[in-house]
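Novice: Dropping a structure here in structure tokens format, bear with me for questions.
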Amino acid sequence: NILTTEEAGRLDSTFIVNTQPYGTNTIMAAGLMSGQTGSNIFYLLPNISFITPTIGTVGSIVTVAGNGYGANEQIRLAFGTNAAIANISSDTKGMFTACFTTDTQAYGIKTITACEDISGLMVDGWFKIMPNIILLTPTSGNTGSFVTMIGNGFGSGEVVSVDFGTIHYP
């Protein structure tokens, strides 16, 4: 970037940090005529840049992307109560993308943590588990038929009300 200072020698500039591995980076400005330099330190931090979807049921496939991690480092994804739902590696720029299938956990917002095992760098994101009826059998029948229903994603130890036509349980 080539800039021009104001009359008093003041430099004003804004730029966007590009994708690169985490750590200490030196920002340097050098006068092209004077050859004089000024510098300062910027510390790049890890980031979860993308989670999709952010809400779903048990069994949903979630994609997580991040940047600012170490180059070619092992990253462990934790999801709610699962300390290692996925293990992946960052690329040479400290970026990663991973997919995982949400496992059975209670309803609510669950933390997604991307942790670099060597440095301990970690960043959190979130996914909300919603209730779902995953099995209903049979799906048709006569009066007096027994029906089995299985669900997941409800609150832990939660009392659940079931409605079927004109019948309400409990």
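Novice: Check off (1) more than 16 Å from the chain's Cα centre (by Cα); (2) more than 30 Å from Glu6 (Cα to Cα); (3) surrounded by 18 or more Cβ atoms within 10 Å (Cβ to Cβ) for Leu44 and give me the number that stays unchecked.
Specialist: Of (1) more than 16 Å from the chain's Cα centre (by Cα); (2) more than 30 Å from Glu6 (Cα to Cα); (3) surrounded by 18 or more Cβ atoms within 10 Å (Cβ to Cβ), only one is false for Leu44: (2).
Residue by residue, here is whether (1) at pLDDT below 90; (2) of a type in the set (D, E, K, R); (3) in contact with a Lys or Arg (Cβ under 7 Å, 6 or more places away or on another chain) holds:
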{"position": "Asn1", "(1), (2), (3)": "yes, no, no"}
{"position": "Glu7", "(1), (2), (3)": "yes, yes, no"}
{"position": "Thr24", "(1), (2), (3)": "yes, no, no"}
{"position": "Ala29", "(1), (2), (3)": "yes, no, no"}
{"position": "Gly35", "(1), (2), (3)": "yes, no, no"}
{"position": "Ile55", "(1), (2), (3)": "no, no, yes"}
{"position": "Gly68", "(1), (2), (3)": "no, no, no"}
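Novice: Just to check your reading of the model, which residue among Ile48, Ile85 is modelled with pLDDT of 90 or more and out of contact with any Gly (no Cβ under 8 Å at 6 or more places or on another chain)?
Specialist: Testing whether each residue is modelled with pLDDT of 90 or more and out of contact with any Gly (no Cβ under 8 Å at 6 or more places or on another chain) leaves just Ile85.
Novice: Every residue in region 48-65 that is loosely packed, with under 15 Cβ neighbours inside 10 Å and either at positive phi or not hydroxyl-bearing (Ser, Thr, Tyr) (or both), please.
Specialist: The answer is Phe50, Pro53, Ile55, Gly59, Ile61.
Novice: Which of the numbered conditions does Gly56 fail, given that it passes all the others? Conditions: (1) more than 23 Å from Pro131 (Cα to Cα); (2) in contact (Cβ under 8 Å) with a residue 40 or more places away in the chain; (3) of a type outside the set (S, T, N, Q).
Specialist: (1)
Novice: Quick check on Thr19: is it of a type in the set (Val, Ile, Thr), open to solvent by 70 Å² or more (accessible area, probe 1.4 Å) and over 30 Å from Asn152 (Cα atoms)?
Specialist: no
The values are calculated or read from the model by the stated rules, or taken from the named source; none is laboratory data. This structure is a prediction, so every number in the text was calculated from the model and none was measured. Heads up, the Cβs are rebuilt from the backbone with ideal geometry, glycines too, and the neighbour counts pull from every protein chain shown. Accessible surface is based on the protein model in full, side chains and every heavy atom, while ligands, DNA and RNA are left aside. Shrake-Rupley method; radii C 1.70, N 1.55, O 1.52, S 1.80 Å.
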